[in-house]
1. Which far-off residues, 5 or more places away or on another chain, put their amide H under 5 Å from the one on residue 55, with H placed in the peptide plane?
2. Quick one: if the Förster radius is 41 Å, what FRET efficiency do residue 40 and residue 122 give, using the C-beta to C-beta distance and rounding to 0.05?
3. What residue among 42, 82, 32 has its Cα farthest toward the positive end of the dipole of the chain, where the charges are +1 on Lys, Arg and -1 on Asp, Glu, each on the Cβ?
4. For residue 26 and residue 1, FRET efficiency with R0 = 30 Å and r from the beta-carbon atoms, rounded to 0.05?
5. With a 1.4 Å probe and all protein chains left in place, how much of the accessible area of the chain comes from carbon and sulfur atoms, in whole percent?
6. What is the Cα centroid distance between region 1-51 and region 76-124, reported in whole angstrom?
7. Taking the Cα centre as origin and putting +1 on Lys and Arg beta-carbons and -1 on Asp and Glu beta-carbons, what dipole magnitude results for region 39-124, to the nearest 20 debye?
8. Set the Förster distance to 30 Å, then compute FRET efficiency between residue 17 and residue 100 from the Cβ-Cβ distance, nearest 0.05.
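The values are calculated or read from the model by the stated rules, or taken from the named source; none is laboratory data. Treat the numbers as computed from the prediction; the structure is a model and nothing was measured. Cβ coordinates were reconstructed from backbone atoms using ideal geometry, including for glycine residues, and neighbour counts include every protein chain displayed. Please note that ligands, DNA and RNA were not included when accessible areas were found on the heavy atoms of the full protein model with its side chains. Shrake-Rupley method; radii C 1.70, N 1.55, O 1.52, S 1.80 Å.
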Amino acid sequence: MRIDPDLVRKIIIYVEDNATVECGVNSDEISNKLTDYSHQTLLYHLRYMDKCDFFEGVSETLDGDVEIEDLTPKGHEFAETIRSDTIWNKTKEKANSLGLLTVKALYQIAIDVSASLISKSMGL
């Protein structure tokens, strides 16, 4: 299965916006909000993103669903970096031009795009 960058963005922002100290989120909940994607596609992306160290406290239920306690610091950094449509669109454009659509590549490109925009805004 191919990684869908827009789904990655939707998941990371959803988890950040909805996980609390008292309660994390689960794949059923996310699937009910992101109805444009099959549950299997969502599960694949969640498991892949977990392997990239964006989530903490991940567990699988007996029926194969995924529960997530929260984002890791790296996950929070990624969510905040790609929240802006401007940064996200530049990130996707750069990733597509390089042919690098892995989650790790999107993370690095987003950080680089963000740093470049900061430098430009400061006249550096």
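1. Amide H neighbours of residue 55, under 5 Å, 5+ apart: 72.
2. 0.35
3. Toward the positive end, the furthest listed residue is 82.
4. 0.90
5. 50
6. Measuring centre to centre over Cα atoms gives 20 Å.
7. 700
8. 0.65
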